[in-house]
Each structure stands twice: as C-alpha cells, then as structure tokens.
Amino acid sequence: MTGGLGGPNVKLSLRDTLMGHTCQVMSCCFSPNGTLLASGSGDKTVRLWDPHKGEPLHCIESHSRFVTCCAFSADSVFLATGSNDRTVLLWKITQESQLTDSATYEEVIDSLPSNDTKAPSTSLYFSLNNWTLDHVASWLTDLDLAQYIDTFRQHHIDGQELANLNRETLEFDLQIASLGHRNKLLREIENLKKQTSNPSVLKSTIDNSSSLMTPDEYLCPISREIMNDPVIAADGYTYERSDITAWLKSGKTRSPMTNVVLPNSNLLPNRSIKMLIQNYIKKQ
C-alpha cells in the first residue's frame with residue numbers, strides 16, 4: 001500500500017499477524033522503549049507480545065469484563081489495563097527475559113475501581129463468585145463492620161473466598177477478636193449463600209436487574225442499558241443509536257470508550273448483536 005503517510009512513495013507491508021485473542025481486539029499500545037506490545041480484548045484478557053519477533057509473551061486473565069484500554073508508563077516498568085468491569089489494574093513488569101507463558105511476572109500493584117462500588121443486591125447473583133474486593137468492602141460497610149475492610153483486602157477476600165470463611169479463619173487468620181463480630185459475619189455469609197442459591201429469589205428480581213444479569217456486550221457503554229437499536233460507531237464500538245447520537249450532537253468529537261477523536265460520525269447497524277439481544281430477551 002502506498003501514499004497517505006507523508007508522500008506518494010511511502011510503502012507499507014504487513015510484517016506479522018499476531019494470533020491469540022478469541023474476541024475482538026479493543027486496544028493495543030507499544031511500550032515507550034519499543035520492546036513490548038500490549039493488546040486488550042473482548043475475551044477479557046491482556047496479551048503481551050514481542051513486536052520484533054511477533055511472538056506471544058504472556059496472557060493476563062484478571063479482568064471479569066472486556067478490556068477496553070491499556071497503557072505503559074514512560075519508563076516501561078508499569079502497565080495499566082482498564083476494563084468494563086469498572087476497574088483499572090496496575091501491573092509491574094520485571095525483567096523482559098522472564099516474560100514467558102509460564103512466568104508469573106506480573107504483580108498487581110493496585111486495583112482502581114470506579115466510584116460505583118456499592119455491593120450488589122445479593123439476590124441478583126447466582127454465586128458469590130461475582131463479587132470483587134470492592135463488593136465485599138461495601139458489604140462490610142453495610143454491616144457496620146468497616147473496620148475490617150483493610151484486613152479483608154490484605155488477605156484478598158473476594159466473593160469466592162468470603163463464601164469459604166469459617167469460625168477458625170475469622171479468629172486466627174483474619175484475627176477478628178470480637179466473638180459477636182465473628183458470629184455476625186458467619187450469619188450474614190450464610191444468608192448470602194441462601195439468597196444467591198435460591199432460584200425463586202433470583203427470578204423475582206431478574207426483571208429489575210437486567211443491567212447486572214445481562215451480558216455486558218448487550219449493554220450500551222454510555223447508558224449501561226440493554227440496546228434496542230445497536231449501531232457501530234467509527235471507533236468500532238457498539239452503542240444504542242439514541243445515546244451515541246445524543247453524544248455526537250452535544251458537540252463531543254471523541255470516542256466514549258477510548259477518548260480518541262472519531263474520524264467521522266457514521267453509524268452502522270449492528271444486526272448480529274441486535275439478533276442476539278432479541279433472542280436473549282425472549283428467553284427471560
């Protein structure tokens with residue numbers, strides 16, 4: 001391919017095709033030193049590549065929703081990944097020679113959630129496995145036990161671990177000295193298990209909980225509601241037509257997802273997603 005990059009004699013040639021993601025690639029970026037390439041995908045993973053050899057180095061599988069952005073620090077030591085699970089994960093990259101499929105090079109430095117960290121209504125979840133550290137922290141706050149949030153975070157007690165806590169773990173591992181607090185936690189954990197495993201409770205609330213139960217790809221990234229008329233914008237993302245139209249008419253020229261300037265305001269119907277959404281709604 002020639003032209004368009006500063007002169008009519010510029011030539012472009014495909015160097016490599018990097019295969020590995022199982023869903024659309026939503027973002028990619030080079031490290032400032034040019035030794036690494038990171039890509040985020042709808043398959044919920046971030047992959048690191050050697051751009052010079054065209055080889056995969058590592059796959060990060062820590063987000064629960066699709067990964068929409070990634071960026072390296074100026075010194076190429078840290079990698080930030082953002083996702084529709086409402087978190088930004090910050091990773092520290094050690095020696096490049098350790099970046100192999102079997103190496104555990106990544107170290108989670110922090111998890112930066114959005115302001116909306118309220119614990120989900122427990123009856124909306126089939127399993128506590130859906131809960132993140134922030135959901136557990138909000139749950140503790142609701143129980144007036146916020147003093148234990150730091151302890152739960154330090155021990156990485158998410159929903160899955162919460163469901164497995166017992167009296168001995170609370171007393172000796174988490175060192176919760178108060179017998180009353182230990183008993184209260186155990187009672188509330190048992191209540192959570194009963195609520196999240198009760199199909200009748202789930203069914204009674206499913207109509208009012210579509211944004212939590214619905215696959216994320218069926219929700220408009222702007223309104224977070226199920227799309228009726230999904231369209232693809234110039235950034236490659238799918239939105240509800242009325243929402244993205246209002247976005248553009250308000251004078252905004254950047255993508256709601258990537259913050260990159262949109263090359264045009266064209267909107268194309270996404271019929272495949274619309275069909276999937278219609279089938280999903282019929283089954284509810």
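Quick notes on this one:
- When 157, 189, 149 are checked against the criterion of being at pLDDT 55 or above, in contact with a helix residue (DSSP H, G or I) (Cβ under 8 Å, 6 or more places away or on another chain), outside any helix (DSSP H, G or I) and open to solvent by less than 90 Å² (accessible area, probe 1.4 Å), 157 stands alone in meeting it.
- So residue 281, is it open to solvent by 80 Å² or more (accessible area, probe 1.4 Å), β-branched (Val, Ile, Thr) and either closer than 18 Å to residue 223 by Cα or assigned to a helix (DSSP H, G or I) (or both): yes
- Scan of segment 88-98 for residues that are modelled with pLDDT of 85 or more and either under 19 Å from residue 55 (Cα atoms) or β-branched (Val, Ile, Thr) (or both), ordered by number: 88
- Only residues that are over 17 Å from residue 238 (Cβ atoms), open to solvent by less than 50 Å² (accessible area, probe 1.4 Å) and in a loop (DSSP other than H, G, I, E, B) were counted across segment 36-61, and they come to 4.
- Looking across segment 126-136, the residues that are of a type outside the set (Phe, Trp, Tyr) and either over 14 Å from residue 189 (Cα atoms) or surrounded by fewer than 20 Cβ atoms within 10 Å (Cβ to Cβ) (or both) come down to 127, 129, 130, 132, 133, 134.
- Filtered residues of segment 214-242 (kept if open to solvent by less than 20 Å² (accessible area, probe 1.4 Å) and either closer than 20 Å to residue 279 by Cα or in contact with a Phe, Trp or Tyr (Cβ under 9 Å, 6 or more places away or on another chain) (or both)): 214, 216, 219, 220, 227, 230, 231, 233, 239
- When segment 160-185 is limited to residues that are open to solvent by less than 30 Å² (accessible area, probe 1.4 Å) and among the aliphatic types (A, V, I, L, M), the one that is farthest from residue 131 (Cα to Cα) turns out to be 176.
- Flag if residue 184 is assigned to a helix (DSSP H, G or I) and either modelled with pLDDT of 80 or more or of a type in the set (Ser, Thr, Tyr) (or both): yes
- Test for residue 33: is it open to solvent by 60 Å² or more (accessible area, probe 1.4 Å), touching a residue at least 24 places away in the same chain (Cβ under 8 Å), farther than 27 Å from residue 221 by Cα and out of contact with any helix residue (DSSP H, G or I) (no Cβ under 8 Å at 6 or more places or on another chain): yes
The values are calculated or read from the model by the stated rules, or taken from the named source; none is laboratory data. Treat the numbers as computed from the prediction; the structure is a model and nothing was measured. Glycine gets a Cβ as well: all are built from the backbone with ideal geometry, and neighbour counts include every protein chain shown. These accessible areas exclude ligands, DNA and RNA; they are computed on the full protein's heavy atoms, side chains included. Shrake-Rupley method; radii C 1.70, N 1.55, O 1.52, S 1.80 Å.
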